[in-house]
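See below for the structure under consideration.
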Amino acid sequence: MDPWADHDVPPGAAAGGAGGHAARVEVELDLGAVEPDELSRAVRRAVARALAEDLGDRGDVTSIATVPAGMTGTAELVARAGGVVAGGDVVRAVFEQVDVRVTVEMAVSDGARVEGGDVLGTISGPLRSILTGERTALNFLCHLSGIATRTRAFVDAVDGTGCAIRDTRKTTPGLRLLEKAAVRAGGGHNHRIGLYDAILVKDNHVAAAGGIGPAVENALARPGVHVQVEVSRLDQLEEALQLGATDILLDNFTPEEVRQAVQRVDGRAALEASGTISLDDVARYAAAGVGRVAVGGITHSAPNLDIALDVRTEALEAPAPLASVWSDDEIGKDTWLQPPAASGTSDEARPAPGADARDATADAPTDALGGGAPGDADGGASADADAQLPGDDELEGPSGAPAFVDAATGDPDAPSESGLFAWRERQLGEQPGRD
């Protein structure tokens with residue numbers, strides 16, 4: 001006979017779950033803590049990898065070929081569906097690394113609910129740079145907003161029960177801190193950030209240790225580290241409690257089994273349910289009295305929130321039509337790899353299509369940062385922000401060089417040292433406080 005079967009326990013409302021025990025155990029909802037500086041570094045690194053993946057050595061050849069160098073404009077981030085926004089800081093980081101002249105003004109904060117058609121923010125600056133960062137920015141924003149939206153759906157489903165929704169370590173490699181921030185934006189809480197900030201004794205650890213007894217005892221002997229013990233059957237609960245476990249994870253329990261576990265534990269430990277818990281089922285788990293539900297699906301299976309970037313054509317400012325930059329004969333012949341003409345050089349003085357790019361650089365500026373002396377292309381940051389930026393003709397000229405061509409030789413086969421992304425990477429590395 002089950003001695004706990006007839007206990008009348010009210011549904012739990014705190015992290016520890018329900019129970020009438022006089023000293024009911026409660027634990028922190030967020031096991032791991034992420035400092036703002038740590039998150040900021042993670043954002044910059046993730047963005048740097050994404051841009052390197054997208055730009056390669058040659059950059060956005062489509063925008064270079066089709067968008068006039070001096071054209072500026074404004075684009076809007078528009079929600080195509082309702083949801084919860086997350087990732088505004090990542091959007092800013094994308095355009096900061098693409099071109100510091102681009103400005104991003106978010107109209108909503110992370111965690112805000114939006115409807116289809118809402119404008120989430122505006123992006124202004126050189127149009128080539130806006131289009132270069134468009135897909136990378138949207139990939140992050142749609143993905144992270146999808147996580148926040150999915151999390152909010154689970155949070156809403158258990159509203160009023162006192163049950164908290166927590167994430168897991170089932171995250172995209174390299175994006176964990178960003179995705180866990182999105183969970184918080186959606187109203188959820190973070191389980192441990194990694195393997196380093198809390199102990200979770202699972203079935204494989206028990207098997208390796210020779211039983212739950214030595215596994216839990218050794219874990220609890222580690223001072224200053226939170227310990228959670230996973231059980232997969234009701235008969236394991238009492239043993240875990242007798243060993244001193246005060247935080248127990250109920251793995252793949254049914255809602256009815258959770259209710260029985262809550263009654264048996266009677267407040268002696270905090271309880272958390274996990275497994276393949278769906279949006280349809282989560283309210284039943286919360287009603288069973290458990291204080292927390294861990295849901296891997298809010299990170300590994302959240303669908304993207306549909307968000308688009310729309311260029312406002314009325315806000316475009318082009319100094320000259322594309323035809324005045326390139327002749328019909330030049331378009332499509334890879335002549336965008338040639339360095340731009342030096343300041344004051346007429347179109348007639350430009351090297352003919354197919355001319356040796358090395359010869360073409362003889363009279364061209366050699367300072368890849370613009371306005372400085374030759375040889376200063378890799379110099380330190382200047383107090384004058386404008387002095388750190390290449391001029392339009394150098395960074396974003398119709399040829400794309402020297403942004404994507406070796407600045408010293410004009411060699412299109414050696415772009416790695418002076419590519420747009422490499423230049424941005426050097427600038428970020430030279431700024432105080434940057435990693």
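Residue count for the stretch 40-79 satisfying the condition of being over 20 Å from the mean Cα position of the chain (by Cα) and of a type in the set (Lys, Arg): 1. Checked against the criteria, Glu230 counts as in contact with a Lys or Arg (Cβ under 8 Å, 6 or more places away or on another chain) and crowded, with 18+ Cβ neighbours inside 10 Å.
Looking at the structure I just gave you, is Ser109 without any contact (Cβ under 8 Å) to a residue 60 or more places away in the chain and either in a loop (DSSP other than H, G, I, E, B) or over 17 Å from the mean Cα position of the chain (by Cα) (or both)? First the steps, then the outcome.
Details: without any contact (Cβ under 8 Å) to a residue 60 or more places away in the chain: yes; either in a loop (DSSP other than H, G, I, E, B) or over 17 Å from the mean Cα position of the chain (by Cα) (or both): yes.
It is true that Ser109 is without any contact (Cβ under 8 Å) to a residue 60 or more places away in the chain and either in a loop (DSSP other than H, G, I, E, B) or over 17 Å from the mean Cα position of the chain (by Cα) (or both).
Please work out which one of (1) surrounded by fewer than 16 Cβ atoms within 10 Å (Cβ to Cβ); (2) modelled with pLDDT under 95; (3) more than 30 Å from Val114 (Cβ to Cβ) is the condition Gly12 fails and give its number. Unmet condition: (1).
Does the stretch 187-227 hold any residues that are polar (S, T, N, Q) and in contact with a helix residue (DSSP H, G or I) (Cβ under 9 Å, 6 or more places away or on another chain), and which are they?
The initial filter retains those residues of the stretch 187-227 that are polar (S, T, N, Q), namely 190, 204, 218.
Answer for the stretch 187-227, where residues must be polar (S, T, N, Q) and in contact with a helix residue (DSSP H, G or I) (Cβ under 9 Å, 6 or more places away or on another chain): Asn190, Asn218.
A quick yes/no check of all residues on (1) of a type outside the set (Val, Ile, Thr); (2) buried (at least 21 other Cβ atoms within 10 Å of the Cβ):
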residue	(1), (2)
Arg169	yes, no
Thr172	no, no
Ile193	no, no
Leu200	yes, no
Ala215	yes, yes
Leu250	yes, yes
Gly275	yes, no
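For the stretch 238-261, a residue qualifies if it is under 16 Å from Val290 (Cβ atoms) and not hydrophobic (A, V, I, L, M, F, W, C), and the qualifying residues are Thr246, Asp247, Asp251, Asn252, Thr254, Pro255, Glu256, Glu257, Arg259, Gln260.
Scanning the stretch 142-177 for residues that are hydrophobic (A, V, I, L, M, F, W, C) and out of contact with any Leu (no Cβ under 7 Å at 6 or more places or on another chain), we see that the one that is nearest to Ala112 (Cα to Cα) is Ala148.
Residue-by-condition table, conditions (1) touching a strand residue (DSSP E or B) at 6+ places or on another chain (Cβ under 6 Å); (2) among the basic types (Lys, Arg); (3) on the phi > 0 side of the Ramachandran plot; (4) at pLDDT 95 or above:
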{"position": "Leu127", "(1), (2), (3), (4)": "yes, no, no, yes"}
{"position": "Ile130", "(1), (2), (3), (4)": "yes, no, no, yes"}
{"position": "Gly133", "(1), (2), (3), (4)": "no, no, no, yes"}
{"position": "Val155", "(1), (2), (3), (4)": "yes, no, no, yes"}
{"position": "Arg169", "(1), (2), (3), (4)": "no, yes, no, yes"}
{"position": "Gly174", "(1), (2), (3), (4)": "no, no, yes, yes"}
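The values are calculated or read from the model by the stated rules, or taken from the named source; none is laboratory data. Bear in mind that the values here come from a model prediction, so they are computed numbers and not experimental data. Positions of Cβ are backbone-derived with ideal geometry, glycine not excepted, and every protein chain shown enters the neighbour counts.
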